[in-house]
Structure formats: structure tokens, C-alpha cells
Amino acid sequence: MKKLFLFFLLFSASLIAQNKVKVDLSNPNATISTHLYFLQSSSYDSEKAATTIYGYGSLEAQEIAIKLKTIMDAKGLKVDFSKVPANPMYSDTTMTKSGNQYLLFPNKMPEIYLEKIEDNWYYSKETSGKVLEIYDLMYPWYSEKLQEIIPEVGHRKLFNVELWQYFGLLILLIVSVGLFYILRKIVYLILNKSQNLIINISNEEIKSSLKKLTRPVVLLILMAFIKNTLPSLVLHIDVNNFLLLAINIMVVIFWIYVFMKLVLVIMSIYGKYAESTVSKLDDQLVPVLRNFLMGIVIFGGLLKLLTLFGVDPVTVIAGASIGGIAIALASQDTVKNFIGTIMIFVDKPFHIGDWIEAGTVIGTVETVGFRSTTVRAADTTIFQIPNSQLSEMVVNNKGLRSFRRYTTNLGIRYDTPPELIEAFVLGIRRIIELEPSTRTDAFNVEFVGFADSSLSILLNIYFVNLDWNNEQASKHALHMKILKLAHSLGVEFAFPSSTLMIEQFPHKKAAEPIYNTDENRIKEILDAINLPQEDEEN
């Protein structure tokens, strides 16, 4: 008797509580509350819930209302009523349609929105029309049949999950593991074929990167498969919310991993191409570009992770922009150097290994980094030049010269006979013509003037070897041959001096050198250079 009395008491209390909540469609908050409240197990009334659906008959509206809630539960979409507007004249500025609308889940499910019709708010006609289509895609025909044939013991709950749902999750896990091993080989073959079609480069590093890329790609496919299969298990909204959040986090992490591996693969291919080019500046660009792209991938991934936890992406981007401006203002030199780095790689005023003169710095370019360029001087000291300054300097790139010019003046004694001067000039010309390290089509060896203590012979030549060390070795070989020629001819090089004439002193003779101007002797010396003697006119 007491149990019967208690039953009627609880039943009456539930009716009183249900009657206190009336159908209210005056604003978006009230309409959504009406829909969800009357589909709860403790206050179930599908007819009242169906009043939120406009333009359909009673039975069809009830079906739409029930299936709409089922879809929201399966997607793990929980309504935060504190954020739902209670303004009857609310209008969502993000909507493209005119009139009063409210988008319930703008990021996760934009198909669900409310609109004001006359004085009441209803789920839009577009939402109602898509509910049945979305429901059929999410819940295959066998999902309802499966629940009907499950015995009563299978519907017992443990931690808000029925026993048959545990069994279904176990089967889903086993199927996913099997698909993983099958898809891994297929995906690797597809990636390898695609790489060969796009750019036919065989490289162990590329193959290793493709193998590492295969795993996250397969896992992404499996995550999509699990997300599409989960609704068939009809899990509780809290369980769905937890599982889908975990899956979405894993998906973002996998995508970050995929894009990072893609960056490595692309940079590996670009690095292979850079090695085949003459310029070494491309090789230096590879690590800089790789680090920059990695930073973009990580930033985008973190931004997506924040949105999964309910952070508005617009707010995050705005905050990142403001923070970026603040950082840029605080580190103007770093930003200038970064822009300078970009300009150096775009303009390419020099390459790695070039000998340059930039202001007071003279040396060989060793590295071009994200912030500065390293130049090694001839004495092996290192100069770190900020790229912002280097991009604005006048850079004399001697590494881009076609030839290395060498100019000097040879000073010989004033008392050298004209015959020997002519022979000496002719002999130097023949030495240059035979020298493999010099240009034979452009050089000058001429008697150009009278200096204070010597007769000046101009030597202007071009070395074909651009390397500084090779140039010095070529100078050495040329100088030695000129010295030997001068010694053979008896030509002496002058140095600053004064000559005192003592011809009037008795028994004294002037200390003048004795020159041998015998034509046959001069001819033999010139013929020894192994070139036919030129005419006297030349």
C-alpha cells in the first residue's frame, strides 16, 4: 500500500513539474529549451517538442524533432544555454540570409539554425528538410534492427554505456586494427607512385619520409571511419562528446604530423634539386625554409586545438595578430633581419663561397642564416653581418667575375738599351700567350713611361681561375718566368737610387752595367720561349 501511494505521489509530482514548463517559442533560448526538455526521459512529450518544427504535420514533426535530438547527441553537441540569446529580435550577423536567425553550432554543424516566423522562433525549414537526410547517413538501416534483436541483458548499463555498446566498441576496435595493416601497404604504394609521377627522384631519405608519412595518413582514414560508425552504436551524448573530442584531438595531431612529414619530403626533394644547381645559396635556403614551414604547421595545429576546446577562432587569430604586432614592435631588428634574409634569397647578390666586399668586410661567404650572414676573412676571422644591413650595403661580389684582373708596373733601369727593352717586352708577351692560367686574347705588356727611378713597363692580364688560391699560384708562376727572362737577357730591375757621375776623376771609371745587345743572342733567348719571333714592327 505504501509503495502504491509513493508511486502516485511521484507520478503526480512529475505531472505538476511537467505542467510548470510550457511550450515557449518567443525567442531562440526558449525554443531550444522546449525542444530538448520535452525529449528528456523524465519529461518526455514528443508532441510539445514537435511544436518547434514549422510546416509539417504532427507525426512528421515529431519524427523530425526526435531525430534532430538524436543527431545532436550522436555528434556530441551540447547546448550551452548561457550563450543562447533570449532576445526575440535577435539576428545573427554571420548569416547571409535576411531576417532574424540564430546559428546554434556555427563551427561544428552549421546546418542547424533557427529562424523567426511571424512572432515565434522555429527550427528553419532548411534544417527540418535536412534532418531526415542526415539521420539516414548517420544511422544505417541495420542500427535500429540491431537494437531490436538485442536481448534485455544487453541493454544493462555500466558507466552510462550499455553492454551491447561495449561489445560494439570492441568489434570496431578490432576492425580498425585489421584495416590499419591492410591500408598501410596500399597508402604507401599510392604515395610512392604519386611521388614518382610528380618528380622522379629516387632517394633513401625520401623513401624513409614516405614510410613515416604512411602511418598518420592511415590513422586519419581510420579516424574518419570510426567517426562515421560511432552513431550506429547510439551512445549517450556525454560519451559521444568525450569520444568525439578525443578523436578530433588525435585527428589534429595526426594532421600536424602529416604536414610536418610533407614539409620534410618537399624539402628533401628541393634539397636534391638545390644540390644539382651551381648556386650554393639554394642549399642554404633549405634549412631556413624548412624551419619556417614547420613553424607555420605547428602554429596552425595549435590554433585548431584551441578551437576544439571551445575557443573562438576569430578571437584566437585576433589575439595572435595583436601579439604578433607587439612582438614585432619589441623586436624590430629581428623583423628587419628576416626581411633582409628574404631579399638576399630573392635578389641573390652572392652565393655561398663567393669572395665579396661589403663595407669594411672582405672575405668568403660561408653561411646565410635566418638573421645574419657569416663571412670569413683572409686571416680566417669570422664576421657576422646582420642581413638587414647587408641587404642595404653596396656588395662587390668578386665571385661573379668572369676573370681575375691583375695589373702591375715593372720598373727597369734607365740605362737599359732600347734593344733589350723591346726584347724584354716581347718575351713577356710570349710567356703570357703560353701560360694556361691567363687569357691569351686580352692582355697588355707595353713600355708606358718614365718614372723617377725607372722605366715603367705596364703588365695588365686576366687570370681564368676565379679561386683566390689559384690566382696567387698563377701569379707566382708568371713572376718566376719573368724573372728568368730578365736574368737571361741581362735586364735589371730598378729601385730608388741616385747616380753620381765621376768621369773627370783620373784613373776612375763610372760603375755602369755592361749590356749584351748581340742580336743573335737575343734571338736565341726569345726562340727558347717556343713561339715564333714576331716582326720588329710588332
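What follows draws every value from the coordinates through simple rules; no lab data is involved. Every value quoted in this text rests on a predicted model; they were computed, and no experiment measured them. Reconstructed Cβ throughout: ideal geometry from the backbone, glycine too, with neighbour counts over all protein chains shown.
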Computed over the stretch 360-506, the convex hull of the Cα set has an average projected area, in nm², of 12.9
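How large is the direction-averaged shadow of the alpha-carbon convex hull of the stretch 22-138, in nm²?
Mean shadow area of the hull around the Cα atoms is 7.1 nm².
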For 98, 456, 372, 194, which order do you get if you count the other beta carbons within 10 Å of each Cβ and list the fewest first?
98, 194, 456, 372
Among 130/185; 398/481; 22/125; 75/125; 304/336; 261/398, the pairs whose Cα-Cα distance exceeds 31 Å are 130/185; 261/398
What is the fewest-to-most order of 406, 44 by other Cβ atoms lying within 10 Å of their Cβ?
44, 406
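Please arrange 38, 242 by counting, for each residue, the other beta carbons lying within 10 Å of its beta carbon, fewest first.
242, 38
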Which of the GluC sites (Glu not before Pro) across the stretch 20-65 are loop residues per DSSP, with 13 or fewer other Cβ within 10 Å?
none
What value does the stretch 361-408 have for Rg/Rh, both radii from Cα atoms and Rh as Kirkwood defines it?
1.03
Spin-label zone in the stretch 406-438 - amide nitrogen under 14 Å from a point set 7 Å from the Cα of residue 448 along the C-beta vector:
406-412
Gain upon complete extension [residue 299, residue 242; 0.36 nm per residue less C-alpha separation]:
18.0 nm
Enumerate the amide H contacts of residue 372 below 5 Å, restricted to partners 5 or more residues apart or on another chain; note that Pro and chain-start residues carry no placed amide H.
387
